[in-house]
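Asker: Have a look at this one before I ask anything.
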Amino acid sequence: MALQPLFWLFLLCQFLIFIFLVNRVSFHPLRVIPEAMWVISWTIFLFALDLALILGLAHAWDFRPEVFLGLSFSWKLFIVGLVLWVFLMAANHIEWYWVRRQPVDARMTRQIFPNHPPRWKLPLGFLENIYIDNQVYDLEVVEYDLYLPGWPKEFSGLSLVQVSDIHYGKYIHKDYLRMVFDEAKKLKPDFFALTGDFVSHIKDIAPMKGLLKGFKAPMGVYALLGNHDHWADGPAMRKVLEGDGIKVLQNEVVYLKRKGKTLALLGADDLWEGKKDVTPLLNAKGDAKILLAHQPDHFYLAKKLKVNLQISGHCHGGQICFPIVGPLIIPTVQGRKFAAGFMREKGVTLFIHRGIGGFPPLRTLCRPQVVKLVLKTA
């Protein structure tokens with residue numbers, strides 16, 4: 001059986017569907033169920049189901065093509081459905097890559113690594129013994145000139161700095177975050193965008209008080225609550241942020257003026273746990289629009305609003321990436337498309353930040369980052 005090419009093709013199809021379901025089911029917990037319990041339970045269930053199907057089919061078929069016709073109708077239906085599912089996934093990705101996706105003109109102008117090697121003891125240090133480099137403290141500071149079609153010339157040169165997915169706690173501690181925030185402040189943008197998931201647990205909210213106080217910019221400092229902030233205690237997290245002088249946007253619009261033109265800065269509440277009424281965003285008017293949204297899956301709304309740019313986080317770049325293959329776990333309905341970086345569809349540009357923290361405290365081939373975007377007229 002192991003020598004049959006169809007056996008290995010079957011295993012690949014099963015694996016691809018397992019990853020598809022893990023991304024879309026295991027990482028979308030209900031609010032009333034603890035995240036760890038939900039993720040672990042669903043992942044184990046899906047793995048067990050996958051294994052049962054593999055063993056069941058292996059018992060019924062030796063994977064020789066000539067024996068296929070002798071299988072029961074239910075196993076034939078399963079195999080055809082499996083192949084069709086994988087084919088549709090591949091077709092969707094190819095259609096997106098070659099048809100829907102538009103080019104993005106983003107030119108890196110600066111890249112530094114201010115904390116390499118790490119100044120702090122790495123978690124999961126034993127991984128070094130098997131040649132896995134944990135980059136959890138290997139911060140990247142990167143700056144891009146981003147050329148946006150239709151961007152008003154009056155706003156050409158407007159800059160923002162994005163910090164996302166801090167997940168403050170035991171490993172993403174105050175000493176490390178002070179260094180991260182100092183690097184962000186050195187970039188001196190027109191405004192800061194902090195796009196959610198400041199904490200993972202309610203016990204970490206109070207200790208954050210004062211940690212974000214030093215952020216200042218001519219056009220302001222704006223934040224969103226992410227799904228983890230809502231799960232921990234959304235109102236308490238908002239109170240801490242506002243106490244540090246940061247404006248929290250929950251389906252709200254701020255209008256910024258420059259050279260007689262108006263920029264509508266739209267802040268969407270979390271897609272899973274936030275307020276559902278987006279009427280204020282739909283009614284927003286401006287010569288230019290930027291949507292801040294914790295989850296990149298809000299891209300459907302960005303296209304509806306016809307914004308120039310959406311900036312998001314949430315996916316951590318996949319966090320644990322593999323050579324050539326890249327990330328496997330990306331908690332979004334769009335999978336690998338929304339892992340990190342720039343993309344563009346229907347005239348709307350999306351940038352997805354890799355974030356700072358995450359669980360487990362492990363990053364491979366996926367550095368944490370602070371990003372400055374200088375927005376220019378294409």
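Asker: Can you tell me which residues in region 275-306 are surrounded by fewer than 24 Cβ atoms within 10 Å (Cβ to Cβ) and outside any helix (DSSP H, G or I)?
Answerer: Lys275, Lys276, Asp277, Val278, Asn283, Ala284, Lys285, Gly286, Asp287, Ala288, Lys289, Lys306
Asker: Same structure again: Of all residues in region 242-251, count the ones that are part of a strand (DSSP E or B) and either aromatic (Phe, Trp, Tyr) or crowded, with 18+ Cβ neighbours inside 10 Å (or both).
Answerer: Restricting attention to region 242-251, the residues satisfying the condition of being part of a strand (DSSP E or B) are 247-248.
This time we only want the ones that are either aromatic (Phe, Trp, Tyr) or crowded, with 18+ Cβ neighbours inside 10 Å (or both), so: 248.
Counting residues in region 242-251 that are part of a strand (DSSP E or B) and either aromatic (Phe, Trp, Tyr) or crowded, with 18+ Cβ neighbours inside 10 Å (or both) gives 1.
Asker: Now for a separate question. Check Thr349, Thr262 and return the single one that is surrounded by fewer than 24 Cβ atoms within 10 Å (Cβ to Cβ), modelled with pLDDT of 95 or more, of a type outside the set (D, E, K, R) and assigned to a strand (DSSP E or B).
Answerer: Values: Thr349 fails: surrounded by fewer than 24 Cβ atoms within 10 Å (Cβ to Cβ).
After applying the criteria, what remains is Thr262.
Asker: So, one more: Scan region 187-198 and tell me whether some residue there is in contact with a Gly (Cβ under 9 Å, 6 or more places away or on another chain), assigned by TED's automatic domain parsing to the domain that holds Tyr144, assigned to a helix (DSSP H, G or I) and modelled with pLDDT of 95 or more.
Answerer: Looking through region 187-198, none of the residues is in contact with a Gly (Cβ under 9 Å, 6 or more places away or on another chain), assigned by TED's automatic domain parsing to the domain that holds Tyr144, assigned to a helix (DSSP H, G or I) and modelled with pLDDT of 95 or more.
Asker: Do we have Asp145 as more than 19 Å from Ile352 (Cα to Cα) and modelled with pLDDT of 85 or more here?
Answerer: Details: more than 19 Å from Ile352 (Cα to Cα): no; modelled with pLDDT of 85 or more: yes.
No.
Asker: Can you confirm whether Asp165 is under 18 Å from the mean Cα position of the chain (by Cα) and of a type in the set (D, E, K, R)? Write out each step before concluding.
Answerer: Numbers: under 18 Å from the mean Cα position of the chain (by Cα): yes; of a type in the set (D, E, K, R): yes.
It is true that Asp165 is under 18 Å from the mean Cα position of the chain (by Cα) and of a type in the set (D, E, K, R).
Asker: If Phe73 satisfies every condition in (1) over 30 Å from Leu187 (Cβ atoms); (2) in contact (Cβ under 8 Å) with a residue 60 or more places away in the chain but one, which is the exception?
Answerer: Of everything listed in (1) over 30 Å from Leu187 (Cβ atoms); (2) in contact (Cβ under 8 Å) with a residue 60 or more places away in the chain, Phe73 misses just condition (2).
Asker: Which residue out of Gly318, Gly341 is in the same structural domain as His167 (by TED's automatic domain parsing) and over 18 Å from Gln102 (Cβ atoms)? Let's see the steps before the verdict.
Answerer: On the way: Gly341 fails: over 18 Å from Gln102 (Cβ atoms).
From the options Gly318, Gly341, the qualifying one is Gly318.
Asker: Same structure again: Please find, among Arg238, Arg178, the residue that is over 27 Å from Thr109 (Cβ atoms) and assigned by TED's automatic domain parsing to the domain that holds His314. So that I can check it myself, show each step before the final result.
Answerer: Working: Arg178 fails: over 27 Å from Thr109 (Cβ atoms).
Of the residues listed, the single one that is over 27 Å from Thr109 (Cβ atoms) and assigned by TED's automatic domain parsing to the domain that holds His314 is Arg238.
Asker: Out of (1) touching a residue at least 60 places away in the same chain (Cβ under 8 Å); (2) surrounded by 11 or more Cβ atoms within 10 Å (Cβ to Cβ); (3) touching a strand residue (DSSP E or B) at 6+ places or on another chain (Cβ under 9 Å), what's the single condition that is false for Pro103?
Answerer: Only one criterion in (1) touching a residue at least 60 places away in the same chain (Cβ under 8 Å); (2) surrounded by 11 or more Cβ atoms within 10 Å (Cβ to Cβ); (3) touching a strand residue (DSSP E or B) at 6+ places or on another chain (Cβ under 9 Å) is unmet by Pro103, namely (2).
Asker: Could you tell me how many of the residues in region 352-362 are at pLDDT 95 or above and out of contact with any Phe, Trp or Tyr (no Cβ under 7 Å at 6 or more places or on another chain)?
Answerer: Looking only at region 352-362, we keep the residues that are at pLDDT 95 or above, and these are 352-356.
Pick out the ones that are also out of contact with any Phe, Trp or Tyr (no Cβ under 7 Å at 6 or more places or on another chain) and you get 353-356.
Counting residues in region 352-362 that are at pLDDT 95 or above and out of contact with any Phe, Trp or Tyr (no Cβ under 7 Å at 6 or more places or on another chain) gives 4.
The values are calculated or read from the model by the stated rules, or taken from the named source; none is laboratory data. These figures come from a predicted structure and were not determined experimentally. Heads up, the Cβs are rebuilt from the backbone with ideal geometry, glycines too, and the neighbour counts pull from every protein chain shown.
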